[in-house]
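The block underneath contains the structure these notes are about, expressed in C-alpha cells.
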Amino acid sequence: QVQLVESGGGLVQPGGSLRLSCSFSGSIFSAYVMGWYRQAPGKKRELVAAITSGGSTNYADSVQGRFTISRDNAKNTVYLQMNSLKPDDTAVYYCNARGVRIGYWGQGTQVTVSS
C-alpha cells in the first residue's frame, strides 16, 4: 500500500517562499507520476504541478515561473519549491502518486500566505 506523507506547509508572508516535501513508500517510486494539487476553501481541487520519473514537468498557468517541482528517485521524495507566494496560493496542498491503474493521495498540508 502506497503511503504519502507531506511536510513543509505553514504561514508565510506575501512574496515569501516555502518548500513542500512528500515522502513516498510502499511501492516502486519510479513507476509513478508525482504531482502536487491544492484546494482552497470553496474551490475544486486543482493540479499545481506534476513530474514524471524521467523529470518531465508541467505546471498550472497560475504558478508557472514561481513554483518548481522536483523529485529525488533515490530518496523516494518529491518537492515543490514555492517562491513569490501570493495570498491566492493559500490552500491545502496534496501530494499525489498516479500509477497506471490507481492513484494515491497524501493527507495534505496547509499553506497560508498572509501578512
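Here are some notes:
- Charge sum, other residues only, whose C-beta stays under 14 Å from SER27's C-beta, Lys/Arg counted +1 and Asp/Glu -1: +2
- Charge tally for GLY16 (other residues, Cβ to Cβ under 15 Å; Lys, Arg +1; Asp, Glu -1): +1.
- Anisotropy class assigned to the chain is prolate, per the alpha carbon gyration tensor with a/c at or over the 1.5 cut-off and a/b larger than b/c.
- Count Lys and Arg as plus one, Asp and Glu as minus one, and take only other residues whose Cβ is under 14 Å from that of ALA40; the net charge is then +2.
- Phi angles of the stretch 72-86 translate, via the Karplus equation with coefficients 6.51, -1.76, 1.60 and θ = phi - 60°, into HN-Hα couplings of 10, 5, 6, 9, 6, 9, 10, 10, 9, 8, 10, 10, 6, 5, 10 Hz per residue; Gly and Pro are given as x.
- Where the stretch 3-115 is the region considered: accessible area per residue in Å², 1.4 Å probe: 53 Å²
- Using a probe radius of 1.4 angstrom, the carbon and sulfur fraction of the accessible surface of the chain is 46%.
- FRET efficiency for SER56 and SER25, using Cβ-Cβ distance with R0 set to 25 Å, rounded to 0.05: 0.60
The values are calculated or read from the model by the stated rules, or taken from the named source; none is laboratory data. If you're wondering where the values come from, they're calculated on a predicted model, not measured in any experiment. Don't worry about glycine lacking a Cβ; one is built from the backbone with ideal geometry, like all the others, and counts go over all protein chains shown. When the accessible area is computed, the model is the full protein with side chains, heavy atoms only, and any ligands, DNA or RNA have been set aside. Shrake-Rupley method; radii C 1.70, N 1.55, O 1.52, S 1.80 Å.
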